[in-house]
Amino acid sequence: QVQLLESGGGSVQSGGSLRLACAASGRTAWTNVMGWFRQAPGKEREFVAAIRWSDSSVAYADSVKGRFIISRDNNKNTVYLKMNSPKPDDTAVYYCAADRFGSSSNFRGDYWGQGTQVTVSS
C-alpha cells in the first residue's frame, strides 16, 4: 500500500507564506499523481492542486491559482505546496492524496494522508 505523511502545517498571517510537504512511502510506484485537498469547518472537502510525476503536468483550483505552487522531488518521493499570500479563507485541514492512474486534472485521491491543519489569520 501507500503511506502519505504530511508536514509543514501551522499558523500563518495573511499575506505571508507557508510550505506543506507530503512524503510518500510504501508502493511509491502507485503514486503517479500526487496533490492536495482541503476541508474547512462545515464545508465539503475540495480539490486544491495536483501534479503528475511522469510529465510534471499540474492543475490548480481557481481559488488558489496564482497564489499556490505545487512541486515535487522525485528523489524524495515528496510533493510540496507553497502557499503564497494565503487568506483567512484558506484556513482548513489540508490532506495529501495520491492516485495510481490518471492525470492532475481529474485527480480524485486513491490514497490519503492524515491531514495537517493550516490556519490563516488576518
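Of note:
- Derived scalar couplings ³J(HN,Hα) [the range 28-42; Karplus, 6.51 cos²θ - 1.76 cosθ + 1.60; whole Hz; x for Gly, Pro]: 5, 5, 8, 10, 4, 10, 10, x, 9, 10, 9, 9, 8, x, x
- Tail weight of P(r) past 20 Å, computed on alpha-carbon pairs of the range 53-122, percent: 32 percent
- √(5λ) per eigenvalue of the Cα gyration tensor, the chain, largest first, Å: 23, 14, 13
- Sorted largest first, the spans of the alpha carbon positions of the range 1-71 along the three principal axes are 36, 24, 22 Å.
- The value of relative contact order for the range 1-115, using C-alpha pairs under 8 Å at least six residues apart, is 35 percent.
- Computed from the C-beta positions of GLN39 and ASP73, the FRET efficiency with R₀ = 22 Å rounds to 0.30.
- Solvent exposure of the chain, expressed per residue, is 50 Å² of accessible area, with all protein chains present and a 1.4 angstrom probe.
- HN-Hα J in Hz across the range 3-19 - Karplus 6.51, -1.76, 1.60, θ = phi - 60°, x for Gly and Pro: 10, 10, 10, 8, 8, x, x, x, 9, 8, 7, 4, x, x, 8, 8, 10
- ³J(HN,Hα), Karplus 6.51/-1.76/1.60, whole Hz, each residue of the range 56-69, x for Gly, Pro: 6, 5, 10, 9, 10, 5, 4, 5, 10, 4, x, 10, 9, 10
- The chain - percent of accessible surface contributed by carbon and sulfur, probe 1.4 Å: 45 percent
The values are calculated or read from the model by the stated rules, or taken from the named source; none is laboratory data. Every value quoted in this text rests on a predicted model; they were computed, and no experiment measured them. Counting neighbours? That spans all protein chains shown, and the Cβs are built from the backbone with ideal geometry, glycine included. Just the protein is used for accessible areas: all its heavy atoms, side chains included, with ligands, DNA and RNA removed. Shrake-Rupley method; radii C 1.70, N 1.55, O 1.52, S 1.80 Å.
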